[in-house]
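Quick notes on the structure that follows.
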Amino acid sequence: MKTALQEVFSRLEELHPRLFDIYTPEGRDFVREFHKFMELEKQQIIAAVEWNYKSNMGEVYYNAVYKNETI
C-alpha cells in the first residue's frame, strides 16, 4: 500500500525521471526540496493513528503498512 503522496511521487518519477536523478543539480534540488513533505506526511499519519486509537503505536502502524513502499 502507498500513501497518496507516495503515489504522486511514483507517477512523477514515471513521467519525469530526470527530477529524481540525484546526479544532476535539478534532481538533487527536487529531491531535497520535496523529500521533507514525505516526512511530514509520515508524521501526520502517525499522529492520526495515535489520536484515533489513543495509543503510541502510530509509528509501528506506519512501518507495517507503508515502510516497504518507496518512491
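The set of residues in the range 16-54 that are within 26 Å of A64 (Cβ to Cβ), in a helix (DSSP H, G or I) and basic (K, R) comprises K36, K42. If you check L15, L40 for being of a type outside the set (G, A, S) and more than 15 Å from the chain's Cα centre (by Cα), only one passes: L15.
Within the range 1-22, residues that are without any contact (Cβ under 8 Å) to a residue 12 or more places away in the chain sit with their Cβ atoms under 8 Å from residues that are of a type outside the set (G, A, S) and part of a loop (DSSP other than H, G, I, E, B), at 6+ positions apart or across chains, in these pairs: R18/T24. In the range 50-70 there is no residue that is under 25 Å from R11 (Cβ atoms), of a type in the set (G, A, S), surrounded by 13 or more Cβ atoms within 10 Å (Cβ to Cβ) and over 14 Å from the mean Cα position of the chain (by Cα). For the range 31-41, give me each residue that is at pLDDT 95 or above and surrounded by 13 or more Cβ atoms within 10 Å (Cβ to Cβ). Within the range 31-41, E41 is the sole residue that qualifies.
The values are calculated or read from the model by the stated rules, or taken from the named source; none is laboratory data. Please read these numbers as outputs of a predicted model, since none were measured by experiment. Every residue, glycine among them, receives a Cβ derived from its backbone with ideal geometry; neighbour counts consider all protein chains shown.
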